[in-house]
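Okay, structure first, notes after.
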Amino acid sequence: MTPPRIVVVGGGPAGVRAAQALVEAGVRPIVIDEGRRDGGQIYRRQPEGFTRSHATLYGSEAAKAQALHRSFDALREHIDYRSETLAWNVTTGQLHTAHTPSGETAALGFDALIVCAGATDRLMPVPGWHHAGCYSLGAAQIALKAQACAIGSRVVFMGSGPLLYLVAAQYVKAGARVDAVLDTSPAVPTLGALRGLLKRPRLLLRGLALKASLRLAGVTLLNAVEPVRIDGSPDGGVSGLVVRDARGAEHAFACDAVGMGWHLRAETQLADLARCEFTFEPLSRQWLPRIDACGRSSTAGVYLAGDGARILGADGAEAAGRLAALAALHDLNHARGQALFASEQTRLQRTLATMNDFREGLAQAFPWPHAHAAALPDDAVVCRCEAVTAGELRRSVLEFGSQEVNRAKAFSRVGMGRCQGRYCGHAAAEIVAAAASIPVEQIGRLRGQAPVKPLLMSAQQND
Amino acid sequence: MSNPLPVSGGRFVRLAETARPALNIVIDGAQATALEGDTLLVALLTHGRHLRTSEFGDGTRAGFCLMGACQDCWVWDDAGHRLRACSTAVTEGMAVCTTPPALFK
């Protein structure tokens, strides 16, 4: 029997654990990683020559990061690892890749494709967010983790979600100056949220400890704020930030950098190009690919795992990656894979159920402030790529009758720029829905387009 | 070469890992120093306040996501090739331009 051709996209926790399961079953997968090194975003490895310890870099998650890195190092010879490589399209039975530095492309035939594409920050536009010095929370963390830098000399963090407090605390610990952490969510989560959060009490306590450590360090912490604007100039960049508290009082902070984000959004473009079905999840107000309890998508042979399918975090991604790989082997009638699948399926699914309860608790505790996005002032830039404002987007609805996001995109170009809607898409959908007075789930979803990221014109076609 | 001191006027602040060997690069024709292992984005933003100017007239830009998703950090090498500064490592002698090649101006 010829060995199955299996391609894993992603070198983070889900991708590495998927590859490991395949190798254990005797299969040599191709692993496509956009990064220079394995680890994904969460366990991103610092470049060679950096000397900080795992404990310094990953804090309470150091042991898990180290375990993942060691697993990958042990796998290295048993997989076909292609780093700095973008998976830019999926066609029937084929994954199309491009090596970023050389531009060399390849078309990889597969019997099973396991997509572990991860997530990016979910952003909400704030008037002034296009100024130089405004970064995503993830960016702020990468600057520190991978480059030992702070994004500025006086930093304010704003948004919501666990990353908000984690990044702020990591900055303080590393010696950066953090002036404030401004959370759009209420300080006390609802009972419904708590029920989910208590499924992982250790994480809940860690979150509370982070907040306490920030307060102790003299960082201003505000909850239930509404972002008003980021001050700055076209040449000089960010110079301050203003929020409004629940009582309507404005608070201004001087700073030269802002890190902001509202939890995460899944990278689902490859699933979209593979024609996987999507469903709207009211809780997170995101369109997510439909998957079964093992990570099977609606497209035969295509499996989805990790934050690119559901934002379960790193621990959930490790379990989901392994389970999706074993399910793929099971479906391909691979004998050793079927044996592993049979013995591990129940345990892995139980882990994922706990992670999902916690995910739902987080989504309730740190909600996406969609009403705020819908009410952005007309002059606020929604699309940072091409400086398109909320007013221009509303005009596409009111004057051109766009009742669907892809039509609104065609008229306004919001979602058509360099980031392909990754950072404006969620807010744009809320703005269009509010302007058209229809629920956001009924205005459609921005379709993924190939290439999922810009390719150089010089990319060589070798397939 | 001794460890370079933090450069004043930069946007990013180095907090650690400053004992790495120094590299020489050229930014818009001017000599500059980076550290081995720096991304191009960090090398540029430890010297200056921005990476490029938005072609849509709304001012300077200094990157946004640092994970290769937003494409805000494009700069160009001396041959006119586009580089994504956040995911490009600096190398000795590298010359970069923060404005696009003349063809596209």
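None of the figures in this text is laboratory data; all of them are computed from the coordinates on show. Being a predicted model, the structure only gives us computed values, none of them experimental. Here the Cβ is made from the backbone with ideal geometry for all residues, glycine too, and neighbour counts use every protein chain on show.
Assorted remarks:
- In the protein assembly as shown, helical runs assigned H by DSSP with n ≥ 4 each contribute -39500 (n - 2.57); averaged across all residues and rounded to the nearest 500, the mean residue ellipticity at 222 nm is -9500 deg cm²/dmol.
- Take the Cα of B:Val26, go 7 Å toward its beta carbon, and the backbone nitrogen atoms of segment B:50-78 under 11 Å from that spot belong to B:78.
- All aspartates and glutamates inside 17 Å of A:Lys211 as judged from Cα atoms, apart from same-chain residues fewer than 8 positions distant: A:Asp179, A:Asp183
- Between A:Asn333 and A:Leu398, the simple spin-label model (points 7 angstrom out along Cα→Cβ) gives 6.2 nm.
- Nonlocal amide H pairs with A:Cys149, under 5 Å, H built at 1.01 Å: A:Leu144, B:Leu15
- The amide H of A:Arg229, built 1.01 Å from its N in the peptide plane, has A:Val242 as neighbours under 5 Å, considering only residues 5 or more places off or on other chains.
- Taking a ≥ b ≥ c as the square roots of the eigenvalues of the Cα gyration tensor, segment A:1-99 is classed as prolate, since a/c reaches at least 1.5 and a/b is larger than b/c.
- Cβ-based charge dipole, the protein assembly as shown, positive-most Cα from A:His99, A:Phe411, B:Leu66: B:Leu66
- Each residue, A:Thr190 and B:Ala102, gets one label point 7 Å from its Cα in the Cβ direction; the gap between the two is 6.2 nm.
- Cβ neighbours within 10 Å from other chains - mean over A:127-138: 5
- The magnitude of the dipole of segment A:371-442, with charges of +1 and -1 set on the Cβ of Lys/Arg and Asp/Glu and taken from the Cα centre, is near 260 debye.
- Once C-alpha pairs closer than 8 Å and six or more residues apart are averaged by separation and normalised to the residue number of segment A:123-262, the relative contact order reads 37 percent.
- Antiparallel DSSP beta bridges within chain A, percent to nearest 5: 50 percent
- Using a cutoff of 8 angstrom between alpha carbon atoms and counting only pairs six or more residues apart, the relative contact order for chain A works out to 19 percent.
- Derived scalar couplings ³J(HN,Hα) [segment A:30-41; Karplus, 6.51 cos²θ - 1.76 cosθ + 1.60; whole Hz; x for Gly, Pro]: 8, 10, 9, 10, 6, x, 6, 9, 5, x, x, 7
- Residue by residue, segment A:369-383 carries 3J(HN,Hα) couplings of x, 5, 5, 5, 4, 5, 9, 4, x, 4, 8, 6, 6, 8, 9 Hz when phi is fed to the Karplus relation 6.51 cos²θ - 1.76 cosθ + 1.60 (θ = phi - 60°); x denotes Gly or Pro.
- For residues of A:149-156, the mean tally of beta carbons on other chains within 10 Å: 5
- Proximal lysines relative to A:Lys64, as straight alpha-carbon distance under 22 Å, when same-chain residues fewer than 8 apart are discounted: A:Lys145, A:Lys173, A:Lys199
- Radius 10 Å from Cβ of A:Phe411, net charge of other residues (Lys, Arg +1; Asp, Glu -1): +2
- Chain B, relative contact order in percent, only Cα pairs under 8 angstrom and at least six apart counted: 28 percent
- Relative exposure of A:Arg202, A:Arg45, judged by other C-beta atoms within 10 Å (fewest first): A:Arg202, A:Arg45
- Cα-based shape type of segment A:39-170, given that a ≥ b ≥ c are square roots of the gyration tensor eigenvalues and the cut on a/c is 1.5: oblate
- ³J(HN,Hα) computed for each position of segment A:109-122 - Karplus, 6.51 cos²θ - 1.76 cosθ + 1.60, integer Hz, glycine/proline x: x, 9, 8, 9, 10, 10, 9, 10, 7, x, 9, 10, 4, 8
- Sparse-neighbourhood loop sites, trypsin sites (Lys or Arg not before Pro) in segment A:212-258 - DSSP loop, at most 16 other Cβ within 10 angstrom: A:Arg247
- Residues whose amide H lies under 5 Å from that of A:Arg200, counting only those 5 or more places away or on a different chain, are absent; hydrogens are built 1.01 Å from N in the peptide plane.
- In terms of its C-alpha gyration tensor, chain A has a prolate overall shape, because the principal axis ratio a/c (a ≥ b ≥ c, square roots of the eigenvalues) is not below 1.5 and a/b outweighs b/c.
- Counting charges near A:Val228 (Lys, Arg +1; Asp, Glu -1) among other residues having Cβ under 11 Å from its Cβ returns a value of -2.
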